[in-house]
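Written below as structure tokens is the structure these notes are about.
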Amino acid sequence: MPKLALLNQAGESVGEINLADTVFGVEPNQQVIYDVIKSQRASMRQGNAKTKTRTEVRGGGRKPWRQKGTGHARQGSIRAPQWVGGGIVFGPIPRSYEFKLNKKIRRLAMKIALSDKVRESSLVAIDNIALDSFKTKGMIQILENLKVSGKTMLVLESVNELVDIASRNIPNVTTVTFDHTSVYDLLNANYVIATEKALKMIEEALV
């Protein structure tokens, strides 16, 4: 059973937290991670690339020259695809790039990502995050006490407006609730700081 040192805001150890093997002790599986990350990134695509067909391009209502007798090839419109400035054949149109993955695969990927953070010692458990004001320096002091650097994700059990606003202006620091944690965000972060309650809630949701 994986164990994490439970720290307070001052970076001092105040105990230990036991984690479930079925969530935080799962073996790596690169294919599962790849499939889920690919799905998440595909869902992020706007999908609004658009070209105009010959019916949408402005102009070209008049036949450019008569059918016979000019020596030119017969043409019906200057907005046909073979003309410069004409319509595009088989060009992109707005669409969704999303594709479905089984729920079991998505849950397994989350477990693998969390387990990787535990193995890499980049998951930090904190008993609670409490700030007295919206000031950023309070959040910066907590991060310094916990000795984390680089991209950092704070995982809370519920929305905390003070923490959210205090961390908003710190580069590479994001704040999410436990139910909005994604595999992509976990793998993209160098450190994940989670409250004790948030870890228990994640565990209950994934067991």
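Taken together, the values in this text are just the output of simple stated rules run on the coordinates, not laboratory data. Treat the numbers as computed from the prediction; the structure is a model and nothing was measured. Reconstructed Cβ throughout: ideal geometry from the backbone, glycine too, with neighbour counts over all protein chains shown.
Which shape class applies to segment 25-135: rounded if a/c is under 1.5, otherwise prolate when a/b exceeds b/c and oblate if not, where a ≥ b ≥ c are the square roots of the Cα gyration tensor eigenvalues?
Working: a/c = 5.93, a/b = 3.02, b/c = 1.97.
Prolate.
Can you pull out the trypsin sites (Lys or Arg not before Pro) in segment 55-154 whose DSSP state is coil and whose Cβ has at most 16 other Cβ atoms within 10 Å?
On the way: sites: R58, R62, R66, K68, R74, R79, R95, K100, K103, K104, R106, R107, K111, K117, R119, K135, K137, K147, K151; in loops: R58, R62, R66, K68, R74, R79, R95, K100, K135, K147, K151.
Loop-located and lightly packed - R58, R62, R66, K68, R74, R95, K100, K135, K147, K151.
The GluC sites (Glu not before Pro) of segment 102-164 that DSSP puts in a loop, and whose beta carbon has at most 15 other beta carbons within 10 Å, are E120. Scanning residues 5 or more positions from L7 or on other chains, those with amide H under 5 Å from its amide H are V14, A125, I126, D127, with H placed 1.01 Å from N in the peptide plane.
Please go through the residue pairs K104/K151; K117/K137; K3/K135; K38/K197; K137/K200; K104/K200 and name each one whose alpha carbons sit more than 24 Å apart in this structure. Before the final figure, lay out each step's value.
On the way: K104/K151 28 Å; K117/K137 27 Å; K3/K135 33 Å; K38/K197 30 Å; K137/K200 29 Å; K104/K200 20 Å.
Violating the 24 Å Cα-Cα cut-off are K104/K151; K117/K137; K3/K135; K38/K197; K137/K200.
Here is how the number arises for the chain: DSSP H runs of 4 or more residues each give -39500 (n - 2.57), the sum is divided by the residue count, and the result at 222 nm is -10500 deg cm²/dmol.
Of all beta bridges that DSSP places with both ends in the chain, some 25 percent have antiparallel geometry.
With a simple spin-label model that places each label point 7 Å from the Cα along the Cα-to-Cβ direction, the separation between D21 and L162 comes to 4.0 nm.
Taking a ≥ b ≥ c as the square roots of the eigenvalues of the Cα gyration tensor, segment 123-172 is rounded, since a/c falls below 1.5. Rounded, prolate or oblate: which fits segment 51-91, taking a ≥ b ≥ c as square roots of the Cα gyration tensor eigenvalues, rounded meaning a/c under 1.5, else prolate when a/b beats b/c? Because a/c hits 1.5 or more and a/b exceeds b/c, segment 51-91 counts as prolate. Contact order for segment 51-91, expressed relative to its length and based on alpha carbon pairs under 8 Å spaced 6+ residues apart, stands at 49 percent.
About the Cα centre, and with charges only on the beta carbon of Lys, Arg (+1) and Asp, Glu (-1), how big is the dipole of the chain? Nearest 20 debye, please.
Working: 30 positive and 20 negative charges, 561 e Å.
So the dipole magnitude of the chain works out to roughly 2700 debye.
Counting only C-alpha contacts under 8 Å and six or more residues apart, can you give the relative contact order of the chain as a whole percent? Please list the in-between numbers first.
Details: 339 pairs, mean separation 51.6, N = 207.
Averaging sequence separation for qualifying contacts and normalising by length gives 25 percent for the chain.
For Rg and Dmax of the Cα atoms in Å, which listed value, (i) 16.3, 53; (ii) 16.1, 47; (iii) 27.1, 94, comes from the coordinates shown? Here the calculated entry is (iii).
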